[in-house]
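Read the structure below first, then the notes.
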Amino acid sequence: MGQVFADIELSNPREPGLRPVSVHATMDSGAITLCIPEHVALQLNFAELEKREVTIATGRASLVPYVGPVQIRFDNRNCFTGALVLGDSVLLGAVPMEDMDLVINPRRQQLTVNPASPNIAAAAVK
């Protein structure tokens with residue numbers, strides 16, 4: 001499929017005076033959560049909620065800060081989540097994508113709102 005990127009906006013709902021940060025993020029449906037680099041966490045003044053153990057692709061495990069809440073905006077969608085602070089770029093995983101009802105279009109290599117529900121996010125809760 002190749003890598004898929006999208007421009008998303010991150011903000012801190014606890015700090016309404018801080019301007020949101022626009023980032024070019026990597027979409028990864030194989031990852032679970034949102035990962036942000038330390039400089040983004042510092043810009044948005046996110047509070048560390050706890051440490052979490054993560055295992056990266058190499059198999060190495062380490063403790064990283066978990067911060068939040070984080071508000072994510074893409075197109076006409078938004079959600080609130082936490083974020084792992086690691087790496088040097090933003091990675092958007094499956095949970096926030098699912099929460100916003102977004103889909104990866106592999107043919108076009110782009111992130112889009114679900115074409116079955118273009119105006120409002122839908123969720124399966126059964």
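Before moving on, here are some points about what is shown:
- Where N is the number of residues in the chain, Cα Rg divided by 2.2 N^0.38 Å: 1.05
- Using just its DSSP H runs of length 4 or more, each adding -39500 (n - 2.57), the chain gives a mean residue ellipticity at 222 nm of -2000 deg cm²/dmol after division by all residues.
- Each part reduced to its alpha carbon centroid, segment 62-118 and segment 8-41 end up 9 Å apart.
- With coordinates expressed along the principal axes, the C-alpha atoms belonging to segment 1-75 extend over 39, 31, 17 Å, beginning with the largest.
Read-outs throughout are calculated quantities, based only on the coordinates presented, and are distinct from any laboratory measurement. In this text the structure is predicted, and so the values were computed from the model without any measurement.
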